[in-house]
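First the structure, in the form of structure tokens, and then the observations on it.
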Amino acid sequence: NTSLPAVEIIASAEHFHDLVSHETSPNLWRSIDGAVQKLEQQLRKHKEKVRDHKNVETVRRS
């Protein structure tokens, strides 16, 4: 039984829960790249939510 390289990245964000990404592929470098891409996507999504939330607060105060 051969096991594939698996990568798990955990990033802590201030005032937010930890971001976690997992990736498994036959190639270690592909696993790393895949996990990094997934983490980047999570960070972009979080940033958009924070930015949109701040815009809503500004509009409400006007």
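Since every read-out is calculated from the coordinates, none of them should be taken as a lab result. Here the structure is a predicted model, which is why all the values come from computation and not from measurement. Cβ atoms come from the backbone with ideal geometry, glycine included; neighbour counts cover every protein chain shown.
Name the residues in the stretch 1-29 that are over 23 Å from E48 (Cβ atoms) and under 17 Å from the mean Cα position of the chain (by Cα), would you?
The initial filter retains those residues of the stretch 1-29 that are over 23 Å from E48 (Cβ atoms), namely 1-8, 24-29.
The answer is A6, V7, E8, T24.
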Pairs with Cβ under 6 Å, 6+ apart, first in the stretch 7-33 and surrounded by fewer than 12 Cβ atoms within 10 Å (Cβ to Cβ), second among the hydroxyl-bearing types (S, T, Y) and in a strand (DSSP E or B): D18/S12
